[in-house]
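One structure below.
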Amino acid sequence: MSRGAILPNRGLADRLSALFWRRPTVLLLLLITPPLLWLGVVYLGSLGALLLQSFYSIDEFSGVVVEEFTLKTYGELFRAANMDIILRTLTMSASVTLASAVIGFPVAYFAARFARGRWKAVFYLGIMLPLWSSYLVKVYAWKLILAKEGIITWAADSVGLGFLLDAVLALPGVGGNSLSTSFIGTWLVFVYVWLPYMILPMQASLERVPVSMLEASSDLGASRGQTFRTVILPLAMPGVIAGSIFTFSLTMGDYIIPQIIGTSARFIGQAVYQLQGTAGNIPLAAAFAVVPIIIMLVYLSLAKRGGAFDAL
Amino acid sequence: MKSIRLMGTTAVAVAMAVTPALAQVASLGTPEGQVSIVAWAGYIERGETMAEFDWVTKFEEATGCQVVVKTANTSDEMVALMNEGGFDLVTASGDASLRLIAGKRVQPVNISLIPSWANIDDRLKDAPWHTVDGVHYGVPYQWGPNVLMYNTEAFGDTPPTSWSVVFEEQTLPDGSSNVGRVQAYDGPIHVADAAQYLMAHQPELGITSPYELNEEQYAAALDLLRGQRKLVGRYWHDAFIQMDDFKNEGVVASGSWPFQVGLLQSEGFPVSSVIPEEGATGWADTTMMHVDAPHPTCSYLWMEHTLSSNLQADLSVWFGANPVVLSACTDGSGMQTAEGCTANGLDDFEKINFWTTPVSQCESQGECVPYYRWVSDYIGVIGGR
């Protein structure tokens, strides 16, 4: 009998929102499909294509890619020249990470525990500021700074420390003609460029160390050093590991810094670039590209055990 | 995948000298209003870098063809872009041109539609990097040598006459050793420079072309390069970084391009260059037309335009290269002069071995070391192996 409530005609938006209310999964699907497609097709898809290529090989005589599954290309990675590249890259990544941690920790510690108010902002800015200028500009600037006729050599000579610089450059293996043509130079620039990525997660984890624990530690008679070693450092460790993931993986993948600064000896990124670009040896390039992926997987699983992802 | 396979198969195809019988344009229609060109940086200037270097604006006004340029940095990029398609023309070097022909990415050029063809330097008309079995696949654009650049202060009155200054340890005229003061090109094609040096100094190896090396010759070239590694602080791959190294790193001698020599000289830096007694490697570029070029008429008009002597003259000044139309050096149509051409190496054509891609089935001795091995071995040499 009753004609029910008189409602205005519902528009499209109304009906849509009703649909989403009745079937929440539709909304969920709608929201999640684009990112899933991105992850699945663009990201994992290209990774898969890469992996596939690495199981092909190049024909020794004609230089044609043979599309048959083989582990021969991976075997080539173990050639002396290629092992050199892998070990060189690993050593560089490890030493850059170590140096970043050593330099970054005091900075992060101060910023987290002592800087207050305006100073805190200054610290954040100081750490972030280098990230805002172009990476290439910074690297080229460093090339000039480190050059044989650059400011460092000039400064060392004018205060009579030229002999020290020469001694450093005479070091076997890492030395060279000038800072900008030696591994030391490459290492310095890597540390400079990636340092912020180490400091920021360390600072975040240091800020999370409760002051009450430090008070408790001193109440129980621990010296400052003991508190640092047994309370602060273990609690901040996840941040250090998180930072090291950045510096380690960023160094391992970079191919521009070693191209501009250093001895021209190849790193993994450069090898990939050159093998796929000029040589047409896609399988070996792909196999090289898989190396950092495997190393990072191992590294990440170790880091996960260290609790690094709690600090992200 | 397609492009990958193309890159690989070209090596074989070049060796077998396939001749795709493709149709060429028979007559010109009305200009389509545009022409898109894949070119080296600095090759097609419209006065935007420096106002006096402009060889595009007038062409556009005269023909109504808007010139669109896509710059590429390496020969491989050029091949990849042409494989993608959508472009009309490419300024391909010798290490790309044969790949493009074998990959059927470029079409034969009907030279009867290019009135200025007759003006081209006779040495280039039938050059093997654009002519396959008598069919022309492009119009020569410019060429140049890879010269030995040196610091005139370090060498004083005795300029170098041999590539040995970059290959073998020695005391330079200024009294210091060359260790750490020389450079070499950071590309595998540099193996050819070593081979060319060996052609002169170890004739018993029997090298006839620096791009066609058998195992023994190749091993000797690598040995020479390993010795060079001890002299070289850093290899160069970027023209501007090399110039910076001459200015700030104390580098005094290196293989280089006339481009860097000219720029450094214009800045008043004491450098000069020479083509040493062993000869030099070099590059020769060709304007080639895509098989599916969307704007064929404008393409032909541009190819004709590239042969005008004032374009050739200005371009050769700008790039430190040599015109393919000899009158460009002398007729005063552009900025180039006879002395300028000589400085750029015009008279040294016979001394130059032009870049080509090393293939496994080579002409001179049947089986040669292919390019992909040059790449991986040169990586090893630079890494100290």
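The values are calculated or read from the model by the stated rules, or taken from the named source; none is laboratory data. Computed from a predicted structure; not experimentally measured. Cβ coordinates were reconstructed from backbone atoms using ideal geometry, including for glycine residues, and neighbour counts include every protein chain displayed.
What the table shows:
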read-out	value
Residue satisfying condition, being of a type outside the set (Ser, Thr, Tyr) and at positive phi, within set B:Gly383, B:Gly366, B:Gly340	B:Gly366
Some residue of segment B:101-116 being out of contact with any strand residue (DSSP E or B) (no Cβ under 9 Å at 6 or more places or on another chain), surrounded by fewer than 17 Cβ atoms within 10 Å (Cβ to Cβ) and farther than 30 Å from B:Ser364 by Cα	yes
Some residue of segment B:227-248 being surrounded by fewer than 21 Cβ atoms within 10 Å (Cβ to Cβ), touching a residue at least 24 places away in the same chain (Cβ under 8 Å) and away from chain A (no Cβ under 14 Å)	yes
Yes/no for A:Asp219 being free of Cβ contacts under 8 Å to residues at least 12 places away in the same chain and within 13 Å of another protein chain (Cβ to nearest Cβ)	no
Residues that are assigned to a helix (DSSP H, G or I), of a type in the set (S, T, N, Q) and within 12 Å of chain B (Cβ to nearest Cβ), drawn from segment A:246-305	A:Gln259, A:Gln270, A:Gln274, A:Gln276, A:Thr278
Identity of the residue in segment B:165-197, assigned to a loop (DSSP other than H, G, I, E, B) and more than 12 Å from chain A (Cβ to nearest Cβ), that ends up surrounded by the fewest Cβ atoms within 10 Å (Cβ to Cβ)	B:Gly175
Subset of segment A:223-257 that is farther than 15 Å from A:Ala94 by Cβ and buried (at least 24 other Cβ atoms within 10 Å of the Cβ) - its residue that is nearest to the chain's Cα centre (by Cα)	A:Ala242
Some residue of segment A:136-144 being in a helix (DSSP H, G or I) and more than 14 Å from every other protein chain (Cβ to nearest Cβ)	yes
Segment B:198-212, subset closer than 17 Å to B:Pro358 by Cα and polar (S, T, N, Q), residue surrounded by the most Cβ atoms within 10 Å (Cβ to Cβ)	B:Ser209
Residue in segment B:29-38 that is surrounded by fewer than 15 Cβ atoms within 10 Å (Cβ to Cβ), among the small types (Gly, Ala, Ser), touching a helix residue (DSSP H, G or I) at 6+ places or on another chain (Cβ under 8 Å) and modelled with pLDDT of 90 or more present	yes
Helices (runs of 4 or more DSSP H) lying entirely in segment B:198-302 (those with 3 or more residues that are closer than 30 Å to A:Trp154 by Cβ, modelled with pLDDT under 95 and within 20 Å of the chain's Cα centre (by Cα))	B:239-248, B:258-266
Subset tally (residues that are touching a residue at least 40 places away in the same chain (Cβ under 8 Å), of a type outside the set (Val, Ile, Thr) and over 24 Å from B:Thr49 (Cβ atoms)) for segment B:331-360	8
A:Val191 being modelled with pLDDT under 90 and surrounded by fewer than 22 Cβ atoms within 10 Å (Cβ to Cβ)	no
From A:Gly185, A:Gly175, residue being outside any loop (DSSP other than H, G, I, E, B) and within 14 Å of chain B (Cβ to nearest Cβ)	A:Gly185
Matching entry among B:Ala328, B:Ala284, B:Ala280 (being touching a residue at least 12 places away in the same chain (Cβ under 8 Å), under 30 Å from B:Pro159 (Cβ atoms), in contact with a Lys or Arg (Cβ under 7 Å, 6 or more places away or on another chain) and not hydroxyl-bearing (Ser, Thr, Tyr))	B:Ala280
Criterion: out of contact with any His (no Cβ under 8 Å at 6 or more places or on another chain) and away from chain B (no Cβ under 14 Å) - qualifying residue of A:Phe78, A:Phe123	A:Phe123
Which numbered condition A:Glu68 misses (of (1) more than 21 Å from A:Ile241 (Cα to Cα); (2) at pLDDT 90 or above)	(2)
Sole exception among (1) surrounded by 23 or more Cβ atoms within 10 Å (Cβ to Cβ); (2) hydroxyl-bearing (Ser, Thr, Tyr); (3) modelled with pLDDT of 80 or more for B:Thr10, by number	(3)
First in segment A:25-51 and more than 30 Å from A:Ile293 (Cα to Cα), second anywhere and assigned to a helix (DSSP H, G or I), Cβ under 8 Å, 6 or more apart	A:Val26/A:Leu19; A:Val26/A:Phe20; A:Leu27/A:Phe20
A:Val122 on the phi < 0 side of the Ramachandran plot and surrounded by 14 or more Cβ atoms within 10 Å (Cβ to Cβ)	no
Residues satisfying the stated conditions in segment A:23-47, i.e. within 14 Å of chain B (Cβ to nearest Cβ) and either exposed (fewer than 12 other Cβ atoms within 10 Å of the Cβ) or of a type in the set (Phe, Trp, Tyr) (or both)	A:Ser46
Breaking point among (1) more than 25 Å from A:Gly262 (Cβ to Cβ); (2) more than 14 Å from chain A (Cβ to nearest Cβ); (3) loosely packed, with under 15 Cβ neighbours inside 10 Å, for B:Glu215	(2)
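For every residue, the table says whether it meets (1) surrounded by 11 or more Cβ atoms within 10 Å (Cβ to Cβ); (2) touching a helix residue (DSSP H, G or I) at 6+ places or on another chain (Cβ under 7 Å); (3) modelled with pLDDT of 90 or more; (4) not β-branched (Val, Ile, Thr).
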| position | (1), (2), (3), (4) |
| --- | --- |
| A:Ala13 | no, no, no, yes |
| A:Trp21 | no, no, no, yes |
| A:Leu52 | yes, no, yes, yes |
| A:Leu77 | yes, yes, yes, yes |
